[in-house]
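Below you'll find the structure, written out as C-alpha cells, and then a few comments.
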Amino acid sequence: MTQQIMKKKSPSYDQFQLKNLCDLVCDDIENLLETLGISYKILDKMVTMSCPIHGGDNESACNLYHQGESYRGNWKCRTHQCEKVFMSSIIGFIRGCLSHNEHGWEKSGDKLVSFNEAVAFAISFTKQDISKLKVSKKEKEKSSFVNTVKYINESVAPDIPKISRTLIKKALTIPANYYLNQSEDEFSESILTKYDVGECLIRGKEMYNRAVVPIYDNDYEYMVGCSGRSLYARSCIKCRHYHDPNSDCPDKDNLWKYSKWKHSKGFKANEYLYNFWFAKKVIKESGVVILVESPGNVWRLEEAGIHNSVAIFGSSLGDRQKMTLDISGAMTIITIMDNDSAGKTAAVQIKEKCQRTYNIKNIELSYNDIAKMSKEQVVEEIKPLVEKFTLCQ
C-alpha cells in the first residue's frame, strides 16, 4: 500500500496580528534583551548596544526603537546593515539574534533560523495565542490613518535643541589636544578650531574626558548633537573599554559610559549630514556632493582643499539624510567609503538608494580610510578623481 507523506503546512500570519505581537514584545523589551543575553543601554525611546547579530563590539552601532505609535521595534545595525538580511522589525531582530546564537551567523550566506521560528519564539516569549490577536476593521483604518499622518509629519525637519555655538565653545577646550598629538589620526589646529572640536574636561558632564565633535544644524546656528571620542587611546585589555588604565574596570551596568565613541543623548545620527552647514554652498555651486563615513574623513578632505564633503555617521544613508541631499542642488554623488566590508556594502546601499536621481561615482581607497591618509596623499590620490568627476557630470 502506497503511503502518502504530507508536508506540514507552515503557519501564515495576518500583518495586523504580527503588528500586535511586535507591540507586545516591545512592551517587555528589557526582558527580551536579557532573555537573548544582550548587554544594552536604554536612551529615551531607543535601545543602543553592540550588534548582537553579527557579533560586533561597537556599543552604539545597533539601535532599536521600541517605542512609538505605528512602527515599534524598528532597528538598524549601523556598521554591517544586518537589518537588510533579517528585516528591520522586532521579529527580524529576534531572527537575527537566534541565527547568531544558534548557528553562529555573522554575514550574509551563513545559516539562518526561519521567519516562522522567530515568530514562534516571540509567541512563546509573550505567552500569547496569535490566532486570538485580531484587529477590527475600524482599528485597521485608524492604523492606516496614523501611519499616513506620521509620514507627513516626519517629512518636516525634527525639532532642533537650542544650544548655541557660543555655549558649546565655552564648554570645550578647543582645539582638542587628543587630535593634535595623542592619536593615530592627527589633524591641524586650524581644522579642529574651524569645527569647534574640543575636549570636555568638566566632571559630571555627559562627554567628560572625551574629544567632542559638535554637529550643527544646516544654518550653522545651533548644535543638534555631538559625538565624543574617549581621550584614552587604547582600550582596557580586561574589559575592552576605555577608562583610566590605573583604575579598576567599571561595573557591568556602567560599561556603556566608557565606549570608544558615544553620541549625545537623543541624537539621531541618521537624520543629519555632518558638515552640510559649510559644504552646502560648494555643493550647490558644483552640483557635486562627496559622501564619507565620519567627521575625520571630512577634516582630512578639508585640509586637502576639498570642501563639498559630508559625513553620514556610519555606513548607511538614512532617509532624512537623503532628503537633505535632495534639496542641496547636487546632481552627482561621489562615495568614498572606508576600505572594509562595511564600507563596500555602504557604497552599494547608497548607489541603490540614489541612482535613479543622481549620477553615482565611487572612489576606492588604497588606505583603510581617508583619515589615515596624509593631506599630501589625499591631494595625490583623491583630489584628481574628484576634479575629474566634477568636470564630467
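The values are calculated or read from the model by the stated rules, or taken from the named source; none is laboratory data. Source: prediction; values computed, not measured. A quick note on method: Cβ atoms are made from the backbone with ideal geometry, for glycine too, and the neighbour counts reach across all protein chains shown.
Kindly evaluate Thr35 against the criterion of being of a type outside the set (Phe, Trp, Tyr), closer than 27 Å to Lys107 by Cβ and at pLDDT below 90.
Numbers: of a type outside the set (Phe, Trp, Tyr): yes; closer than 27 Å to Lys107 by Cβ: yes; at pLDDT below 90: no.
For Thr35, the condition - of a type outside the set (Phe, Trp, Tyr), closer than 27 Å to Lys107 by Cβ and at pLDDT below 90 - is not met.
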Across (1) touching a residue at least 24 places away in the same chain (Cβ under 8 Å); (2) surrounded by 15 or more Cβ atoms within 10 Å (Cβ to Cβ); (3) more than 22 Å from Glu83 (Cβ to Cβ), His243 clears everything bar (1)
Here are some residues: Lys280, Lys257, Lys265. Which one is in contact with a strand residue (DSSP E or B) (Cβ under 8 Å, 6 or more places away or on another chain) and either over 18 Å from Phe187 (Cβ atoms) or not polar (S, T, N, Q) (or both)? Lys265
Is it the case that some residue within the stretch 50-60 is under 20 Å from Ser341 (Cα atoms) and of a type in the set (A, V, I, L, M, F, W, C)? yes
